[in-house]
Amino acid sequence: MTKQGKVYLIGAGPGDPGLLGLKAKECLETADAVVYDRLADPRILAFARKDAEMVYVGKASANHTMRQPDINKLLVKLAQEGKTVARLKGGDPFVFGRGGEEAIELLEAGQPFEFVPGVTSAIAVAEYAGIPVTHRHVATSFAVITGHEDPTKGASTINWKGLATAVDTLVFLMGVENIEKISSQLIANGRSADCPAAVIRWGTHPEQRTLVTTLGNAAADVKANNLKPPAIFLVGEVVKLREQLQWFDNKPLFGQTIIVTRARAQASDLSKKLEALGAKVIEAPAIKIVPAADYAPLDAAVQALSDYKWLVFTSANGVEYFFERLLLAGKDARALAGVKLAAIGSATADALSKHGLTADLVPSAYKAEELAEALADKIAAGDKILIARAKVAREVLPEALRKIGAEVNVVTAYETVADCENKEELLQALTDGSASVVTFTSSSTVTNLLQVLGEQKNLLQKATLAAIGPITSETMRKHGLTPAVEAEKYTIDGLIEAIRKYFNK
């Protein structure tokens, strides 16, 4: 029996992926095909299945990848093929999203559909600019109006007289290119030229830009400031409230574009924390964490854990890969009952705690030299020490322990390889100077990114370079790079705090 297709017409919201609804996320996770517009954030698209068919049908003014009638036909075709389709639209499908047109086409073809409402930019973008569309004693009504009427219908059907005099707050979507016409119509029909107005571009995105003006000056100010779509045009006394309610663009890192070079699997923590502070984040992983090519030495050590006095971890990755091998050997944390645990820092100690274990030793400064010093008075000649770490790493720790007379066994838990799946966006941000900061969270992110950039490595001189600690800074200097920011505490939180302090200056 042929599978019945179905199309979910989904509102993706105004841009901030955090505003995506739970049902929309569930639809994306199960869809066979995703048909999406140009305003769909890549982080929203990441919810789609890895094997889902991805179809871009983005439309900008006078630049249509696919015209609406063709999009309608595409949705029918995919549904007739028995596919579950997520039709992802910016904002809400029913607020100038042409969702009704697509649904009617599906209905006429006998294909089932559902609507999944989204947060409309008419309200959300204004909120992110600190402008309420209604406010007691200021505005008790608001209207959402298209700023770009259907050009095929001839005369305008907008009731300019009613809008100008009967509605407190006016929100025009897609109206920037027609702002002169909109303003003149409102003024001609009774709205004061001195009425406060605002143009908000890329609302809810880290690139959000808000221009406060008046109805009479709006067109000239937009031209002078070179504001382009996508943007909304908002008219009303509520615009004055932005002085008190502005919040999004008050965040400490608002307006900064920060490159995260950490491995993809670990980048999300750093990225989310930077975004919470208002930054735009471009993830350009310079390294990829992969399993060791040969696990025989680690597996042999797992079978002889009781022989070791200390097990030392120099990263959270080492913890995770070690426990993978431990479980594959049919063992669990109980196998470490007689072994003391050392972690190079708080993140590594936290990784151990996820396995129900508490590190016996965490040095005050999170680097190999400090860990070696902290271990020195806790071991004696002849003690067996196991270090599970990356294949390529500094030899400071094992060499220091061997000088004491310890028997040190260094085993490879994982490997790092050069990787940059987002190289094009990285190069664009470095070339046009939009990248404010490039972060480095290990020496390998430095060396691997330089390998990826090759002859274009000089582009890094255009941005502020931030290192997670002195070892990473030392590696940068060896390669001719100057770190402007160095974390005092060698953790992700320490790096973020150092970046905040840098911009606060």
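The values are calculated or read from the model by the stated rules, or taken from the named source; none is laboratory data. For clarity, every value in this text was computed on a predicted model and none was experimentally measured. All Cβ positions, even for glycine, are placed from backbone atoms using ideal geometry, and neighbour counts span all protein chains on display.
Scan the stretch 135-180 for residues that are touching a residue at least 40 places away in the same chain (Cβ under 8 Å) and not aliphatic (A, V, I, L, M) and report the count. Break it down stepwise before answering.
Within the stretch 135-180, the subset touching a residue at least 40 places away in the same chain (Cβ under 8 Å) is 135, 138-139, 142, 144, 146-148, 168-177, 179.
Going one step further and asking which of them are not aliphatic (A, V, I, L, M), we end up with 135, 142, 146-148, 168-169, 172, 175, 177.
Result for the stretch 135-180: 10.
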Quiz item: Just to be sure, is Val319 touching a Phe, Trp or Tyr at 6+ places or on another chain (Cβ under 6 Å), modelled with pLDDT of 95 or more, hydrophobic (A, V, I, L, M, F, W, C) and within 22 Å of Thr445 (Cβ to Cβ)?
Solution: yes
Practice problem: For the stretch 20-116, please list each of the strands (runs of 3 or more DSSP E) lying entirely inside it that holds at least 1 residues being in contact (Cβ under 8 Å) with a residue 60 or more places away in the chain. | Solution: 84-89, 113-116
Quiz item: Pro285 versus (1) touching a strand residue (DSSP E or B) at 6+ places or on another chain (Cβ under 6 Å); (2) within 30 Å of Gly203 (Cβ to Cβ): which is the lone unmet condition?
Solution: (1)
Quiz item: Consider Ala365 against the criteria (1) aliphatic (A, V, I, L, M); (2) surrounded by 15 or more Cβ atoms within 10 Å (Cβ to Cβ); (3) under 18 Å from Ala316 (Cα atoms); (4) out of contact with any Phe, Trp or Tyr (no Cβ under 8 Å at 6 or more places or on another chain): it satisfies all of them except one. Which criterion is unmet?
Solution: (4)
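Test of understanding: among Thr472, Thr412, Thr441, which residue is in the same structural domain as Glu488 (by TED's automatic domain parsing), in contact (Cβ under 8 Å) with a residue 40 or more places away in the chain and closer than 23 Å to Ala347 by Cα? Explain how you work it out, then say what you get.
On the way: Thr472 fails: in contact (Cβ under 8 Å) with a residue 40 or more places away in the chain; Thr412 fails: in the same structural domain as Glu488 (by TED's automatic domain parsing).
Among Thr472, Thr412, Thr441, only Thr441 is in the same structural domain as Glu488 (by TED's automatic domain parsing), in contact (Cβ under 8 Å) with a residue 40 or more places away in the chain and closer than 23 Å to Ala347 by Cα.
When you scan the stretch 453-478, how many residues do you find that are assigned to a helix (DSSP H, G or I) and either surrounded by fewer than 20 Cβ atoms within 10 Å (Cβ to Cβ) or of a type in the set (Phe, Trp, Tyr) (or both)? So that I can check it myself, show each step before the final result.
Restricting attention to the stretch 453-478, the residues satisfying the condition of being assigned to a helix (DSSP H, G or I) are 453-462, 470-478.
Then drop every residue that is not either surrounded by fewer than 20 Cβ atoms within 10 Å (Cβ to Cβ) or of a type in the set (Phe, Trp, Tyr) (or both), which leaves 453-459, 461-462, 470-471, 474, 477-478.
Total meeting the criteria: 14.
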Quiz item: Which of the residues spanning the stretch 387-399 are under 18 Å from Lys367 (Cβ atoms), out of contact with any Leu (no Cβ under 9 Å at 6 or more places or on another chain), not acidic (Asp, Glu) and not in a helix (DSSP H, G or I)?
Solution: Ala390, Val392, Ala393, Arg394
Quiz item: Since His64 meets every condition but one in (1) within 20 Å of Glu101 (Cα to Cα); (2) surrounded by fewer than 20 Cβ atoms within 10 Å (Cβ to Cβ); (3) modelled with pLDDT of 95 or more, which condition does it not meet?
Solution: (3)
Practice problem: Can you tell me which residue within the stretch 122-152, out of those that are closer than 16 Å to Val167 by Cα and small (Gly, Ala, Ser), is surrounded by the fewest Cβ atoms within 10 Å (Cβ to Cβ)? | Solution: Ser141
Quiz item: Inside the stretch 400-434, can you point out the residues that are in a helix (DSSP H, G or I) and among the aliphatic types (A, V, I, L, M)?
Solution: Ala400, Leu401, Ile404, Leu426, Leu427, Ala429, Leu430
Quiz item: Has the stretch 365-379 got any residue that is touching a Gly at 6+ places or on another chain (Cβ under 8 Å) and small (Gly, Ala, Ser)?
Solution: no
Self-check item: Selection status of Leu298, touching a residue at least 40 places away in the same chain (Cβ under 8 Å), in a strand (DSSP E or B) and in the same structural domain as Leu357 (by TED's automatic domain parsing)
Solution: no
Quiz item: Within the stretch 258-290, how many residues are modelled with pLDDT of 95 or more, over 11 Å from the mean Cα position of the chain (by Cα) and either assigned by TED's automatic domain parsing to the domain that holds Tyr128 or closer than 18 Å to Lys423 by Cβ (or both)?
Solution: 0
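More than 15 Å from Pro363 (Cα to Cα), assigned to a helix (DSSP H, G or I) and touching a residue at least 60 places away in the same chain (Cβ under 8 Å): does that describe Leu327? Talk me through it step by step, then tell me what you get.
Values: more than 15 Å from Pro363 (Cα to Cα): yes; assigned to a helix (DSSP H, G or I): yes; touching a residue at least 60 places away in the same chain (Cβ under 8 Å): no.
Answer is no for this residue.
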Quiz prompt | Residue satisfying condition, being part of a strand (DSSP E or B), surrounded by fewer than 18 Cβ atoms within 10 Å (Cβ to Cβ) and charged (D, E, K, R), within set Lys288, Lys272 | solution = Lys288
Quiz item: Taking interchain pairs and intrachain pairs at least six residues apart, which have beta carbon atoms under 7 angstrom, with the first residue in the stretch 246-267 and free of Cβ contacts under 8 Å to residues at least 12 places away in the same chain and closer than 14 Å to Thr464 by Cβ and the second among the hydrophobic types (A, V, I, L, M, F, W, C) and part of a helix (DSSP H, G or I)?
Solution: none
Self-check item: Among (1) in contact (Cβ under 8 Å) with a residue 24 or more places away in the chain; (2) in the same structural domain as Gly454 (by TED's automatic domain parsing), the one test that Asp432 misses
Solution: (1)
